[in-house]
Amino acid sequence: MLIKAFFSLVLFCFYVTPAFAQKFGSENMILIENSTGEVLLEKNANEVVPIASLTKLMTAMVILDGHPKMDEVISIEQADVDTLKHSRSRLPVGLSLTRQEVLKLALMSSDNRAAAALARNYPGGNNAFALTMKAKIASLGMKNTVIQEPTGLSPENVSTASDLVKMAIAASRYPQITDITTDNKNQVTIRGRIVNFRNTNRLVGKKGWDILLSKTGFTNEAGNCVIMQIQLAKKKATLVLLNAGASSARWSDVLKIRSFLQTYAKLNKNTDIATISKK
């Protein structure tokens, strides 16, 4: 038994060194194993930074916690138009959709008008939504997180990778959120014609990827960001990547992390990664 433990430790050290030697394009990151909560990789994980559209996972949880009628029709209004960043949207003012459809567009396609409409139609309006979101953040123990609005456009929506992994784990417990964020496309009828919307995470639906939760984000202040929960060899892991300088750097980091996890899955199929690391 001691020999086996020693051999596992040697293998662990052999494989972990290249992983930590890798240069990650994301300025802030964290990777945890879900079953143990063990931090496997991290980089500046406690630095407070803007989080862009990763915000929308929190928006979705607050909306769903209110148990609204998801088949209720709500409209996109002028108040939902982005006047801060002037981001584009294919949802015209006056468009009416069910709350379920709006939620899907906010999460899967990261549409800002959709997220704004969800908050505006929250019981009590935007002010009540903001107070409820603040309480949700506190309930999740996200002590370094401040979210001022539902879209992520504001640079004042800030958090840390360590806090956001808590948000990701919480969001993964909502079947509607996991179903939507792992769907790769959606069709919406707008003014009599069918418009195709796609997931902002290009890896969703790709062969060889078992993605359980996903959300991307980008603003000039936040850089390229992504939250993902993935499964490899029957083990779940959650990653948060923040402030990558380019979209390609963000996806390169995801591939490096996946390779890292695959190595450990091969190391011992019947033992948790965190268990091996403690031997």
**Output for the range 117-176, where each listed residue is part of a helix (DSSP H, G or I) and on the phi > 0 side of the Ramachandran plot** = Gly125
**Asked** Is it the case that some residue within the range 50-58 is in contact (Cβ under 8 Å) with a residue 24 or more places away in the chain and either assigned to a loop (DSSP other than H, G, I, E, B) or over 16 Å from Lys215 (Cβ atoms) (or both)?
**Response** yes
**Fill in**
The condition from (1) at pLDDT 95 or above; (2) out of contact with any strand residue (DSSP E or B) (no Cβ under 6 Å at 6 or more places or on another chain) that Phe7 misses is numbered (1)
**Asked** How many of the residues making up the range 187-211 are surrounded by 17 or more Cβ atoms within 10 Å (Cβ to Cβ) and either in a strand (DSSP E or B) or charged (D, E, K, R) (or both)?
**Response** 3
**Prompt:** Looking at the range 223-237, which of its residues are surrounded by fewer than 23 Cβ atoms within 10 Å (Cβ to Cβ) and either closer than 18 Å to Asn112 by Cβ or of a type in the set (Val, Ile, Thr) (or both)?
**Reply:** Ile230
**Item:** Residue satisfying all of: in the range 87-112; within 23 Å of the chain's Cα centre (by Cα) and farther than 15 Å from Asn186 by Cβ; surrounded by the fewest Cβ atoms within 10 Å (Cβ to Cβ) among these
**Value:** Arg88
**Request:** Determine whether the range 182-193 contains at least one residue that is at pLDDT 95 or above and of a type in the set (A, V, I, L, M, F, W, C).
**Result:** no
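The values are calculated or read from the model by the stated rules, or taken from the named source; none is laboratory data. Treat the numbers as computed from the prediction; the structure is a model and nothing was measured. Counting neighbours? That spans all protein chains shown, and the Cβs are built from the backbone with ideal geometry, glycine included.
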